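A short worksheet on the structure shown next.
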Amino acid sequence: MKCVLGIAITLAVLGVGALLFAWSGIYNIAATKPHWGITHSFMEMLRDRSISVHSDDIGTTDSDDAKLMEAAFIHYHEMCRLCHGAPDYQPEEFAKGLYPPPPSMISGHVQEERSQAEIYWIVNHGIKMTGMPAFGPTHSDSELYGLVALTMEIPQRSPEEYRRQVQKMSSEGGGGHGHGSEPPAHGETEQEHH
Ligand code: HEC
């Protein structure tokens, strides 16, 4: 009985301590101030285990649907590239100020370390408290599968091939990052400025 009471008091003190710590504002939440090593390791474990467990029952298929892959390319170039880069394209300036930093998609490390199911889950749901957005709310399942298939391939694309596809995309009037038959969202249409 004494032992249970002791544990309860310790937990209560720890809880109040944590509340006081948060309320005091001592903690520096700046993106320019990296986590301590131990916090970083804890966050990585939290993220990796969560992704692994939540993506466990996702099935994946290889996409050889040319139309889907073309659409995925537009999506990748218009969105993912800005943070993760692409062959011959550096991430945008703002992405260099994100913490945690978006990993490169051209080095091949992400594709080696994560399964397709995990990448699908990440792209679908995003990752809390990082700059990684959830694309599930704005993209269909097949668009997401296309994106995953393309992400797996990105490290094998040569800069020439990638550039050629960007040129093809712009010459076909693509690049507007449309979603099938949806009308363009406000602001995506070209407007004349006088
Ligand atoms: C606004 C910036 C931003 C955009 C846009 C973005 N990401 Fe991310 N992404 C991140 C950040 C930041 C992380 C790192 C999160 C972390 O370290 O936990 C990340 C992580 C990931 C990961 C996990 C990487 C790993 O370490 O295993 C994958 C996969 C991924 N993004 C794919 C994509 C794809 C595909 C797109 C486009 C549909 C995309 N991201 C768009 C910022 C972005």
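Some points to look at:
- Ordered from highest to lowest accessible area with the whole protein assembly present and a 1.4 Å probe, GLU143, GLU160, GLU112 read as GLU112, GLU160, GLU143.
- Rolling a 1.4 Å probe over the protein chains gives GLU172 an accessible area of about 120 Å².
- Accessible area ranking (1.4 Å probe, heavy atoms, ligands and nucleic acids excluded), largest first, for ARG164, ARG47: ARG164, ARG47.
- Accessible surface area normalised per residue over the chain is 70 Å², counting heavy atoms of protein chains with a 1.4 Å rolling probe.
- 0 to 90° range, to nearest 10: angle between helix 2-24 axis and the chain longest Cα axis: 50 degrees
- Comparing PRO91, ALA71, GLY15 along the charge dipole axis of the chain, the residue lying farthest to the positive side is GLY15, per the Cβ-charge model.
- Based on C-alpha pairs under 8 angstrom that are at least 6 apart in sequence, the chain has a relative contact order of 22 percent.
- List MET43, MET132, MET1, ordered by accessible area with a 1.4 Å probe, largest first: MET1, MET43, MET132
- Using heavy atoms of the protein chains and a probe of 1.4 Å, the accessible area assigned to ASP64 is about 140 Å².
- On the chain, 60 percent of the accessible area sits on carbon and sulfur atoms, based on a 1.4 Å probe.
- 0 to 90° range, to nearest 10: angle between helix 141-153 axis and the chain longest Cα axis: 90 degrees
- Degrees, to the nearest 10: 116-125 long Cα axis against longest axis of the chain: 80 degrees
The values are calculated or read from the model by the stated rules, or taken from the named source; none is laboratory data. If you're wondering where the values come from, they're calculated on a predicted model, not measured in any experiment. Cβ atoms come from the backbone with ideal geometry, glycine included; neighbour counts cover every protein chain shown. Keep in mind that these areas ignore ligands, DNA and RNA; they rest on the heavy atoms of the full protein, side chains included. Shrake-Rupley method; radii C 1.70, N 1.55, O 1.52, S 1.80 Å.
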